[in-house]
Every structure is written in C-alpha cells, then in structure tokens.
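The values are calculated or read from the model by the stated rules, or taken from the named source; none is laboratory data. Note that this is a predicted model, so its numbers are computed, not measured. When we count neighbours, we look across all protein chains shown, and the Cβ atoms used for this are built from the backbone with ideal geometry, even at glycine.
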Amino acid sequence: MRYLKYTALAVIAALSLTSLSGCVLSRASQGNMEFLLSEGGESYILTRYKNTASQNELVIPDHFDGKPVTAIGEMAIQHCDDLHKIVIGANLAEIDKWGIFGNRYLKEFVVSEENSAFMSAEGVLFSKDMTRLVSYPNANIAEYDKNGALKEEVSYAVPEGVRSIAHCAFYECYALGEIILPKSLREIDTRAFHGCETMKQINLPEGLEAIGNDAFLRNFGLREIVIPSTVREIGDYAFYRCDNLERMTILAPKDALKQGHRWLPEPGRKPVEPVYN
C-alpha cells in the first residue's frame, strides 16, 4: 500500500480546487485536458490531463476559449505513464505543489523563452531565476527497454545556484541511483525525494538548513547519510522507511535541531541509531 492515499487527495481536490482556483465559475475541456475558469473570469487553470497511450506529448496551450492559461492545478498531471514531454508556453505562471508528479516515463520539459516564471535546463523544470528546482522528469536521462524496464541507473547533478528543491520534485524517480546537490542548496521541501527507491548516494551539503516532511521517505537504496552542521529543522517522517540505512551521522547540534515526528528510518530491517557529533 502506498504511503500516500491518492483517493483521499482526490476527494480533497474535488472539494477544494487549491488556492490557484479561487471561486469556481465554469469548467470546460479540450481533448484530454480539462480547464477551470477562476475568480474574475480572466484566465484558465489546467485541472486535469487524462493519460492517453497514443499521445506522448502534452502541449499546454497559451490560451483557452480566448483567455490565457496561467496555472496548473492540484493533481492535474499525475501518474501518466505514456507521457514523455510537457511543453509550457509563455503565459503559465503558477504550478500547484501537487500539480505534476509521478509520471514515470516523462523525459523533458520544454518552456517558452518568453515565460517569466519558469525555464527548462536539460529538460528539467526550474524557476526562471534557476534558484528553485520545480520538477525533475523521472526518465530525463534514463533509458528503458521496449518492455519499460530500466536499463541502467543514472546520476543527476543539481546545478549550482539552486537554493531549494520543490515539493515532489523527484517524487518516485526510480531511475536515479545518485543525486549530487550544490553548495548553494538551503532547503529540501516536503516529499522532494519521496519514493526514490533505487537512490544509493546523496550528499547533503553544508549550508543546507531545512529538510521537509517525508523528504526521503521510502528511499530503500540509501546506506549512509550525513546531516550537515547547518541543518536546523528535520520534518516529520523525513527518513522514515529508509530500511537499509546503515549509518546516520548528525553534525548539527542536537540542542539547536528541531526534529519532527518519527523522522528517523525506523522500523527498517536494519534499525540504525544516529550518531551525533
């Protein structure tokens, strides 16, 4: 059973269409996309993309029904295994934290140069100023055989200058064996690396200040982790179910470290006691 209950989230999404939506005025569809006209009636939000085996590329239109498409709503693009490419135009300005995640064979984002909020670098989605990594396409540099099986685990280096890894940015990236984080990094947001089950190596750099809830939940491949001296907050369940973790060294001062509920890797098959230095 997945830790995350998608059915519950779907109910929440149906009752409250995120802070992006404002007051619901009307819904409309185009092909396998659904849109919501939000408060003021000046723009549309993409609220749902339906996975289609015959369509590997999603082009988010700049306009729908004569109005700009400015946002991607909650749960809009999720678990679409046939999706390989997402094209973002000039008008998109906001993506809900649950807007894009879990698309296993997604390889790249392409963003219009005229977009003032986002940009793409080597297929990865960033904020325009490159300080926030918004979404990593799960199959970015990975290769799969004709049956969808991963040929080889890959490594990815987050560019220097990135200060935060967004919510669900690497959610269930099964292809990643290693992540290299930059010295500029200050925050790892909630569920950023949730379910990266094959990831074996990650460096948490000095300068990192906060690790969010569920950040590394179910990272079964991790064997060792070092919490830098600069970290001041570790969220709930941050390393929970890292079942094979053998060593955890905490350089952050214990009396200055805010520790969330059950953030340690228990109840793993090899329980590990953290070492405070």
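Here are the numbers for this structure:
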item: Residue within the stretch 241-257 that is out of contact with any helix residue (DSSP H, G or I) (no Cβ under 8 Å at 6 or more places or on another chain), touching a residue at least 40 places away in the same chain (Cβ under 8 Å) and either outside the structural domain of Arg104 (by TED's automatic domain parsing) or under 25 Å from Asn140 (Cβ atoms) (or both) present; result: yes
item: Leading residue by the ranking (modelled with the lowest pLDDT) among those in the stretch 246-277 that are among the aliphatic types (A, V, I, L, M) and in a loop (DSSP other than H, G, I, E, B); result: Val272
item: Any hit, the stretch 37-47, residues being touching a Phe, Trp or Tyr at 6+ places or on another chain (Cβ under 9 Å), surrounded by fewer than 16 Cβ atoms within 10 Å (Cβ to Cβ), more than 30 Å from Arg186 (Cβ to Cβ) and at pLDDT 95 or above; result: no
